[in-house]
Structure formats: C-alpha cells, structure tokens
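Working notes for the structure below.
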Amino acid sequence: MARQKLARFEHNAAVHNVIEPGKEIFETVKQHWNEVFFKNNQPIVVELACGRGEYTTGLAKEYPDKNFIGIDIKGARIWKGSSVAIENNLQNVAFYRAPIDFIENYFAENELDEIWLTFPDPRPRDRDEKRRLCNVRYIEAYKKLLKPGGIFNFKTDNRALFDYGLDVVKSSSPQELIFTHDLYNSEYQQYHFGIETTYERIFKKLGNNINYLRCSFNK
Ligand SMILES: C[S@@+](CC[C@H](N)C(=O)[O-])C[C@H]1O[C@@H](n2cnc3c(N)ncnc32)[C@H](O)[C@@H]1O
C-alpha cells in the first residue's frame, strides 16, 4: 500500500471523528448519534457519498448549532474531511466509513433533519441500477430516516442520473420540490452555500452544468 494511504488510514484509526469498523463506537452509535457521539440534541445533517466531505465541513462551520455526518466507503477520502474538521476545531462533525447500502441500520426512523447526496457515481449501465444511490430503494430509505419536513438535497453534473433520480423523487410523494438543470444560473443559488465539492470542481471546469434538487417528503 502506498505510504501516503497508510498514513491516512493510521490517522483515521487514531482520531475521534472517524467512526469505522474495528472501533467499538461503530456499532453503538447506530440509531443513537446524538446520545452516543454528539452528546447534544442538535439537528442531524448527513452527506452521502461525501468523498472529502466538503458539505459536511463547509456547512458545519456555518451552522455550529447542527450536527454533520459524512458517509463514504473510502477512508483515504474521509481522511481529508476529518483533518479539516480537526484543524477548524469542529466538534459537530463525524465521518462514518461504511457502505450506504445498509443506511437503514445506521439511523433510526425520523432521526435525520437533512440529507445531501453529492455527486454519487452515475452507474449508467442498466444492470447497475440497483447500485444508484438515487434508486427507489434508497429514496424510500432516505424518506423513512428523515423527520417529517426533513430536507433531501441531490447534486450532480450527470444529467441522465439526475433525471432518473428526479423521476424517482416525483413518484415518492415529494413536498415543495424544486429543481434546476443549471444551479449556477438559477434562482436557487442560495442552496449552493458557496461550497464546491471535488467532483463538482472537476466537472464544472469541463463545462458541465450542475443539476440540483431539493424537497421534503409527505410521510
Ligand atoms: C464521484 S465521488 C463524489 C465524492 C464527493 N461527494 C464529491 O462530490 O467530490 C462518489 C463517492 O461515493 C462513494 N461511494 C460510492 N458508492 C458508495 C456506497 N455504496 N457506499 C459508500 N460510499 C460510496 C465513493 O467512495 C466516492 O467517494
């Protein structure tokens, strides 16, 4: 293994804000995030497929009165968000290294106030539809974990994936659904919060528009 990756994994194993398999809290925190980790009653915001966790740390700086959890399977990416949170003394941040596939085990029904799904892998092949993080199984899971009135945000440059996810959302009883195929030239720019993810930066440079949707669900 490359030395840099090894150092990142050692960091993750040592720090408090990375929760990963092998640490006792990986199991005990499930469905009890505020009680076990944050030790307060603040609203919980989750960033899925967080990569380096730009929304997790960016929003955590802006909203110290909310708790933020970034989830991704890749430890070398989570390392970045964890380091940013430590450098900025952000006590309201955790990273959970786990497959999103089992998200319904990680959170209790109605435990979450907001979810961000940021630039998930497009999985364009038909046979990979089950792996798209905006397919009906996932959207129904997010709906269950969100409180009534809780917000779902989805951002991607991939138009086909976005339109697919939008159709799924539309068939899952959304409320106050807004969406745009060009966030940066839309009336919804305030929902961008001045935060750009790593993939967003790459795709914007290539000239791709950024698609965005936001809704709550009728539960
Ligand atoms: C295209 S990257 C986007 C990363 C980040 N959100 C950004 O915009 O820069 C997709 C991320 O999803 C993660 N991922 C894909 N499938 C996953 C799954 N089933 N569970 C957890 N993470 C997953 C990958 O590890 C990767 O970091």
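Each reported figure results from applying straightforward, stated rules to the coordinates on display, with no laboratory input. Owing to the predicted nature of the structure, the values given are computational and were not obtained by experimental measurement. All Cβ positions, glycine included, derive from the backbone under ideal geometry; neighbour counts span all protein chains shown.
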Practice item. Please give the number of the condition Glu196 fails out of (1) under 16 Å from the mean Cα position of the chain (by Cα); (2) within 15 Å of the ligand (Cβ to nearest atom); (3) buried (at least 17 other Cβ atoms within 10 Å of the Cβ); (4) not basic (Lys, Arg). Key: (3)
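Looking at segment 92-121 only, could you name the residues that are of a type in the set (Val, Ile, Thr) and within 13 Å of the ligand (Cβ to nearest atom)? Steps first, please.
In the first step, residues of segment 92-121 are kept if they are of a type in the set (Val, Ile, Thr); the result is 93, 100, 103, 115, 118.
Ile100, Ile103, Ile115, Thr118 - these are the residues of segment 92-121 that are of a type in the set (Val, Ile, Thr) and within 13 Å of the ligand (Cβ to nearest atom).
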Exercise for review: For Asn41, work out the one condition from (1) over 18 Å from the mean Cα position of the chain (by Cα); (2) more than 18 Å from Glu114 (Cα to Cα) it doesn't fulfil.
Suggested key: (2)
Practice item. Quick one: count up the residues across segment 63-103 that are in a helix (DSSP H, G or I), touching a residue at least 40 places away in the same chain (Cβ under 8 Å) and aliphatic (A, V, I, L, M). Key: 6
Exercise for review: For Lys130, work out the one condition from (1) under 24 Å from Thr57 (Cα atoms); (2) without any contact (Cβ under 8 Å) to a residue 24 or more places away in the chain; (3) under 19 Å from the mean Cα position of the chain (by Cα) it doesn't fulfil.
Suggested key: (1)
Review point. Assuming Leu183 fulfils every condition listed in (1) free of Cβ contacts under 8 Å to residues at least 40 places away in the same chain; (2) more than 21 Å from Thr198 (Cβ to Cβ); (3) of a type outside the set (Asp, Glu) apart from one, which condition is it?
Key: (2)
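Is at least one residue of segment 91-104 more than 17 Å from Leu48 (Cβ to Cβ), crowded, with 18+ Cβ neighbours inside 10 Å and in contact with a helix residue (DSSP H, G or I) (Cβ under 6 Å, 6 or more places away or on another chain)? Steps first, answer last, please.
The initial filter retains those residues of segment 91-104 that are more than 17 Å from Leu48 (Cβ to Cβ), namely 91-92.
With the extra rule that they be crowded, with 18+ Cβ neighbours inside 10 Å, the set shrinks to 92.
Filter once more, so that each one left must be in contact with a helix residue (DSSP H, G or I) (Cβ under 6 Å, 6 or more places away or on another chain): 92.
Within segment 91-104, one or more residues are more than 17 Å from Leu48 (Cβ to Cβ), crowded, with 18+ Cβ neighbours inside 10 Å and in contact with a helix residue (DSSP H, G or I) (Cβ under 6 Å, 6 or more places away or on another chain).
More than 18 Å from the chain's Cα centre (by Cα) and within 16 Å of the ligand (Cβ to nearest atom): does that describe Lys5?
Working: more than 18 Å from the chain's Cα centre (by Cα): yes; within 16 Å of the ligand (Cβ to nearest atom): yes.
Answer is yes for this residue.
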**Study point:** Condition met for Ala60 (small (Gly, Ala, Ser), more than 10 Å from the ligand (Cβ to nearest atom) and in a strand (DSSP E or B))
**Key:** no
